[in-house]
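*Asks:* Handing you this structure, nothing more for now.
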Amino acid sequence: MSSVATSALQSDSPPSASSASSGPAALRRTSLFELHREAGAKLIDFGGWEMPVHYGSQLEEHEAVRTAAGMFDVSHMRVVDLLGADCRAFLRIALANDVAKLKISGRALYSCMLNPAGGVIDDLIVYFFAEDRFRLVVNAGTADGDIAWLTRLTRERFPALRVMPRPELAMIAVQGPRARDLVWNVFPETHAASAELPRFAAAVCATAFGEMMTARTGYTGEDGFEIVLPAASAAHAWCALAAAGARPAGLGARDTLRLEAGMHLYGQDMDDTVPPTDAGLTWTVSMDENDGPERDFVGCAALAAHAPRTQLCGLLLQGSGVLRSHQTVHTPAGDGLTTSGTYSPTLKRAIALARLPLAVKLGDAVEVDIRGKRLPAKVVKLPFVRNGKTLVDLT
């Protein structure tokens, strides 16, 4: 990667003031807020941010992502750069997944960050750019706590490391089967850097909108890019993407899309009281014998001491009804609980993620308590939908 491509990641200057400003009831706003309001978006409080839930039709926004291209303002999520010679050694302690897997510049890894009891402080994506430069993208609602936690750990273990939040950056997710071509049309400078980019990798290059990171990651089950760019250029970029055919989409469509794709939502499908091994995230925990004693990551001992107690499965309601979080699931092996639920626009059925006893098997018939009525459901393998294709048997 050229020095131009990595300059933002190795900057020694402190970040500029946040692009977010105070709104009603002290809600924070992204640099795209005025565009959302002008577009007639329905705005809600989401983790302390005033964010669009939809722009008129959540179903149409969902469908646009599945069939063409939609875009989401995800600037409320926090970009945090980690700078210093001991980045890799530190992250091997701070994260449950092992950044030793990241060997090629630009590659990314999904991981949980745990507390000593093994609960999930946050789930995040970490990008490797150089041995002294990594980048984290953390959730909006946990960002302040994440930064405080990481800062405390660096001071205790690797005091020369620098944890640098980047509030001067914005983030736009463009998702759908036409998303990558659309991004290249609007930002032609990114094509050469990202045309051969594998999934879960990122490239950084200079563009007319400023230095831009295009990451082939997402939260919808569709292909596309998550774009990180200067907040000062975000409104111009958003308008250019809209003019090229990307449909603005809100948090409502983002939630139905991610649930169809079987993706977790922090605070619902896991939190700081739930270990990843009980939340369907065992695959994100690297604690095999090859890790050695230096991989004594935070929470490792707690996970080793306690066998998994539950599993996360998909539920497909057999008939009419609405699935939501915190509904009791009755199974022959004992009761479980839904963690997320919604109506699937793609399947035209109610679906849910549920934490169930380990003895429950795929295909089992269960019952979900909905307002005092036990309605039949089937346990199915996740995801429900991926790349526009239905992956579950609807019979």
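The values are calculated or read from the model by the stated rules, or taken from the named source; none is laboratory data. Predicted, not measured: the structure shown is a model, and the values here were computed from it. So basically every Cβ, Gly included, is an ideal-geometry build from the backbone, and we count neighbours across all protein chains shown. Ligands, DNA and RNA are stripped out before the accessible areas are found, and what is left, the full protein with its side chains, is counted by its heavy atoms. Shrake-Rupley method; radii C 1.70, N 1.55, O 1.52, S 1.80 Å.
*Asks:* If R₀ is 25 angstrom, what is the calculated FRET efficiency for the pair Lys348 and Asn387, using the beta carbon separation as r and rounding to 0.05? It would help to have the intermediate numbers written out before the result.
*Replies:* On the way: r = 19 Å, r/R0 = 0.74.
For Lys348 and Asn387, the calculated efficiency is 0.85.
*Asks:* Mind checking which lysines have their Cα closer than 25 Å to the Cα of Lys389? Skip sequence neighbours fewer than 8 apart in that chain.
*Replies:* Of all the lysines, those that pass the test against Lys389 - Cα under 25 Å, at least 8 places apart if same chain - are Lys348, Lys361, Lys378, Lys381.
*Asks:* If amide hydrogens are placed 1.01 Å from N in the peptide plane, which non-local residues have theirs closer than 5 Å to the one on Thr207?
*Replies:* Amide H neighbours of Thr207: Met212.
*Asks:* Tell me which residues come under 5 Å, amide H to amide H, from Gly119 once H is placed; ignore anything under 5 positions away on its chain.
*Replies:* It is none; the list stays empty.
*Asks:* Another question, then. Can you tell me the length gained on complete extension of the stretch Ala26 to Arg295, counting 0.36 nm per residue apart and subtracting the Cα distance?
*Replies:* Full-extension gain reported as 92.7 nm.
*Asks:* Extension gain Arg88-Val53, at 0.36 nm per residue separation less the Cα-Cα distance, in nm? Walk me through the intermediate numbers first.
*Replies:* Details: separation 35, 0.36 × 35 = 12.60 nm, distance 3.73 nm.
Here the segment from Arg88 to Val53 would lengthen by 8.9 nm.
*Asks:* I've got another one for you. Short version: ³J(HN,Hα) in whole Hz for each residue of the stretch 215-224, in order, from phi by Karplus 6.51 cos²θ - 1.76 cosθ + 1.60 (θ = phi - 60°), x for Gly and Pro, what are they?
*Replies:* Per residue, the Karplus-derived 3J(HN,Hα) values read 10, 8, 10, x, 9, 10, x, 10, 6, x Hz.
*Asks:* Could you size up the charge dipole of the stretch 229-280 around its Cα centre, putting +1 on the beta carbon of Lys and Arg and -1 on that of Asp and Glu, and report it in debye to the nearest 20?
*Replies:* Numbers: 3 positive and 6 negative charges, 90 e Å.
Here the size comes out at about 440 debye.
*Asks:* Roughly how many debye, to the nearest 20, is the charge dipole of the stretch 263-357 about its Cα centre, given +1 on each Lys and Arg Cβ, -1 on each Asp and Glu Cβ, and no other charges? Could you put the intermediate results ahead of the total?
*Replies:* Working: 6 positive and 10 negative charges, 153 e Å.
So the magnitude is around 740 debye.
*Asks:* Let me ask something else. Roughly how many Å is it from the Cα centre of the stretch 59-132 to that of the stretch 345-368, as a whole number?
*Replies:* A separation of 28 Å, based on Cα centres.
*Asks:* For the stretch 250-395, treating each Cα as an identical point scatterer without solvent, what Debye log10 I(q)/I(0) comes out at q = 0.12, 0.17, 0.19 1/Å?
*Replies:* For the stretch 250-395 at q = 0.12, 0.17, 0.19 Å⁻¹, log10 I(q)/I(0) is -0.51, -0.93, -1.10.
*Asks:* Applying a 10 Å radius around every beta-carbon, put 272-284, 38-50 in order of their mean neighbour count, most first. It would help to have the intermediate numbers written out before the result.
*Replies:* On the way: 272-284: 20.0, 38-50: 16.1.
Ranked from most to least packed, the peptides come out as 272-284, 38-50.
*Asks:* Within the accessible area of the chain, what % is carbon and sulfur when the probe is 1.4 Å and the other protein chains stay in place?
*Replies:* Working: 8730 of 16220 Å².
C and S fraction of accessible area: 54 percent.
*Asks:* Is it possible to state the helix-based mean residue ellipticity at 222 nm for the chain, with each DSSP H run of 4+ residues giving -39500 (n - 2.57), the sum divided by total residues, to the nearest 500 deg cm²/dmol? What is it? Walk me through the numbers before you get to the answer.
*Replies:* Numbers: 10 runs with 85 residues, N = 395.
Helix contribution divided over all residues of the chain: -6000 deg cm²/dmol.
*Asks:* For His54, His306, His326, give the ranking by accessible area with the largest first, probe 1.4 Å.
*Replies:* On the way: His54 50, His306 115, His326 140 Å².
Result of the area sort, largest leading: His326, His306, His54.
*Asks:* Still on this model: Can you tell me the dipole magnitude for the chain around its Cα centre, using point charges on the Cβ only (Lys, Arg +1; Asp, Glu -1), in Debye to the nearest 20?
*Replies:* On the way: 39 positive and 43 negative charges, 153 e Å.
Rounded to the nearest 20 debye, it is 740 debye.
*Asks:* Any idea how far apart Ala148 and Ala160 come out in nm if each label point goes 7 Å out from Cα toward Cβ?
*Replies:* 2.9
*Asks:* Over all directions, average the projected area of the Cα convex hull of the chain and note it in nm². List each step's numbers first, then the result.
*Replies:* Values: hull surface 77.2 nm².
Averaged projected hull area, Cα only: 19.3 nm².
*Asks:* Amide H neighbours of Ile44 under 5 Å, at least 5 residues apart or on other chains, H built in the peptide plane: list them.
*Replies:* For Ile44, whose amide H was placed from the backbone, the distant partners under 5 Å are Met51, Val53.
*Asks:* Further question on the same structure: Once you put a point 7 Å from the Cα of Ile104 and another 7 Å from the Cα of Ala359, both along the Cβ direction, what distance in nm separates them?
*Replies:* A separation of 4.6 nm, rounded to one decimal place.
*Asks:* Helices from the chain with mean Kyte-Doolittle at least -0.5 and a Cα length along the axis of 18 Å or more, per DSSP H: which?
*Replies:* Numbers: long enough: 143-157 (21 Å, -0.73); 231-244 (20 Å, 1.26).
Span-like helices in the chain: 231-244.
*Asks:* For Ala39 and Ala208, what does the FRET efficiency come to when R0 = 25 Å and r is the distance between their Cβ atoms, rounded to the nearest 0.05? Can you show the working numbers first?
*Replies:* Numbers: r = 23 Å, r/R0 = 0.94.
Step by step, r from the Cβ atoms, then E = 0.60.
*Asks:* Suppose R0 equals 30 Å; then what is the FRET efficiency for Asn115 and Asp288 from their Cβ-Cβ distance, rounded to the nearest 0.05?
*Replies:* Working: r = 22 Å, r/R0 = 0.73.
Using R0 = 30 Å, I get an efficiency of 0.85.
*Asks:* Something else: Could you provide, to the nearest whole Å², the per residue accessible area of the chain with probe 1.4 Å?
*Replies:* Values: 16220 Å² over 395 residues.
Averaged over the residues of the chain, the accessible area is 41 Å².
*Asks:* On full extension of the chain, what length is gained from Thr328 through Asn185, given 0.36 nm per residue of separation minus the C-alpha to C-alpha distance?
*Replies:* Separation in residues times 0.36 nm, less the Cα-Cα distance, equals 46.7 nm.
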